[in-house]
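Have a look at the structure below before the remarks.
The values are calculated or read from the model by the stated rules, or taken from the named source; none is laboratory data. Nothing here was measured: the structure is a model prediction, and the numbers come from that model. Virtual Cβ from ideal backbone geometry, glycine too; neighbours counted across all protein chains shown.
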Amino acid sequence: MLITGGSRGIGAATAVMAAGRGYDVAIGYVRDDVAAAATVDACERAGAQAVAIRCDVAEESDVVGLFDETADRFGQIRVFVNNAGILHPIARLDEMSFDRLQEVVAVNVTGALVAAREAVRHMSTRHGHAGGAIINVSSAASYLGSPGEFVDYAATKGAIDTLTIGLGKELAAEGVRVNAVRPGLIDTEIHASSGVPDRVHRLAGNVPMQRGGSADEVAEAILWLGSDAASYVTGVLLNCSGGR
C-alpha cells in the first residue's frame with residue numbers, strides 16, 4: 001500500500017492499520033521527518049516492511065519518483081491512498097490571496113490528479129499490471145461547502161469527488177477500482193492548520209452522532225474500500241461523517 005500524506009492524521013492511521021493487516025507500506029510526506037519516522041516505526045512494530053519517502057505532490061517529479069521507488073522496493077502496488085492535502089486558516093473567499101488559492105489547487109487537485117495518473121500506470125492491466133484499488137480522500141466539505149471557513153478547500157474536494165466517479169468508470173474494465181472516502185469532523189492535527197485547534201470539540205454538536213470521529217474510524221473505511229470485500233464497488237463516494 002502506498003499512501004500520500006502518510007506521516008500524520010488519517011494517512012498515518014491508515015498506514016499503521018494496514019501494516020497490522022498484512023500490507024507492506026510506503027508513505028509519502030513533505031517535511032516532518034520525525035512524524036514520518038514514527039509512522040514507519042509503528043508499521044514495522046506491527047510486522048510490516050515500511051518506508052517513508054519525501055514527496056511534495058505539487059511537484060510532478062516527486063510524485064513519479066514516489067511511485068517508482070515504492071515499486072522498486074516492494075513490487076506491485078496493490079492499493080494507493082490518495083490522501084495528501086492542505087488546509088489554510090479560516091477565511092472568506094474574498095479574503096483569500098491568489099497565492100493561497102494557487103497552492104490549495106496545486107496540492108489538492110493537480111497533485112491528486114498526477115498521483116492518480118501514476119497509480120493507473122502502476123496498476124492497470126492496460127499497462128501490463130495486475131490491477132488494484134485507488135482510494136481518494138475527499139471530505140464532507142465537498143457537499144457542505146464550508147461557507148465562511150474553507151470554500152477553497154471544499155471546492156478542491158468537489159474536484160476529487162468528480163475524479164473518483166470519472167476515473168472509476170474509466171478503469172472499471174482494467175482491474176482498478178476507484179473510490180473515495182469523505183471524512184467529516186475528524187479529530188486530527190489538520191484543525192490546528194486552520195487556526196482553530198479545538199474545532200472538533202466546538203462543532204461536535206452539529207453532528208447527528210454528537211461527536212467528532214477518529215482517524216482510525218476513517219482508516220477502517222479506507223481499508224475496506226481497498227480490500228477484496230469491496231470487489232464490486234467502484235466510483236463510490238463513501239461518507240464517514242457521523243451522519244452530517
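At a glance:
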item	result
Condition check for ALA112: part of a loop (DSSP other than H, G, I, E, B) and in contact with a strand residue (DSSP E or B) (Cβ under 6 Å, 6 or more places away or on another chain)	no
Selection from the range 208-218 of residues that are among the charged types (D, E, K, R) and either farther than 13 Å from SER241 by Cα or part of a helix (DSSP H, G or I) (or both)	ASP216, GLU217
Selection status of GLY166, at pLDDT 95 or above, more than 16 Å from the chain's Cα centre (by Cα) and either crowded, with 21+ Cβ neighbours inside 10 Å or among the small types (Gly, Ala, Ser) (or both)	yes
Inter-residue pairs, beta-carbon under 6 Å, first in contact (Cβ under 8 Å) with a residue 24 or more places away in the chain and in the range 1-30, second of a type in the set (Asp, Glu), 6+ apart	SER7/ASP32; ARG8/GLU189; GLY9/GLU189; ALA13/ASP216; VAL30/ASP56
Within the range 207-231, tally of residues that are within 10 Å of ILE186 (Cα to Cα) and within 12 Å of the chain's Cα centre (by Cα)	2
Enumeration of residues in the range 133-153 that are surrounded by fewer than 19 Cβ atoms within 10 Å (Cβ to Cβ) and either out of contact with any Asp or Glu (no Cβ under 9 Å at 6 or more places or on another chain) or of a type in the set (A, V, I, L, M) (or both)	LEU144, GLY145, PRO147, GLY148, VAL151
Output for the range 117-140, where each listed residue is in contact with a strand residue (DSSP E or B) (Cβ under 7 Å, 6 or more places away or on another chain) and in a loop (DSSP other than H, G, I, E, B)	SER124, GLY131, SER138, SER139, ALA140
Residue check for VAL16: assigned to a helix (DSSP H, G or I), at pLDDT 95 or above and under 15 Å from the mean Cα position of the chain (by Cα)	yes
Test: residue in the range 219-226 that is part of a loop (DSSP other than H, G, I, E, B) and without any contact (Cβ under 8 Å) to a residue 60 or more places away in the chain	no
Subset of the range 88-109 [among the charged types (D, E, K, R) and in a helix (DSSP H, G or I)]	ASP94, GLU95, ASP99, ARG100, GLU103
Single match in GLY243, GLY235, GLY205 (criterion: over 17 Å from TYR23 (Cβ atoms), of a type outside the set (D, E, K, R) and assigned to a helix (DSSP H, G or I))	GLY205
Residue match in the range 53-75 (condition: under 16 Å from SER7 (Cα atoms), of a type in the set (Lys, Arg) and at pLDDT 95 or above)	yes
From VAL57, VAL104, VAL34, VAL79, residue being surrounded by 18 or more Cβ atoms within 10 Å (Cβ to Cβ), over 23 Å from GLY226 (Cα atoms) and aliphatic (A, V, I, L, M)	VAL104
GLY85 part of a helix (DSSP H, G or I) and either surrounded by 15 or more Cβ atoms within 10 Å (Cβ to Cβ) or more than 15 Å from the chain's Cα centre (by Cα) (or both)	no
Pairs, first without any contact (Cβ under 8 Å) to a residue 60 or more places away in the chain in the range 66-90, second surrounded by fewer than 24 Cβ atoms within 10 Å (Cβ to Cβ) and hydrophobic (A, V, I, L, M, F, W, C), C-beta under 7 Å, six or more apart	GLU69/ILE53; ALA71/ILE77; ARG73/VAL51; GLN76/ALA130
Subset of the range 141-162 that is in contact (Cβ under 8 Å) with a residue 12 or more places away in the chain, small (Gly, Ala, Ser) and assigned to a helix (DSSP H, G or I) - its residue that is nearest to GLN76 (Cα to Cα)	ALA159
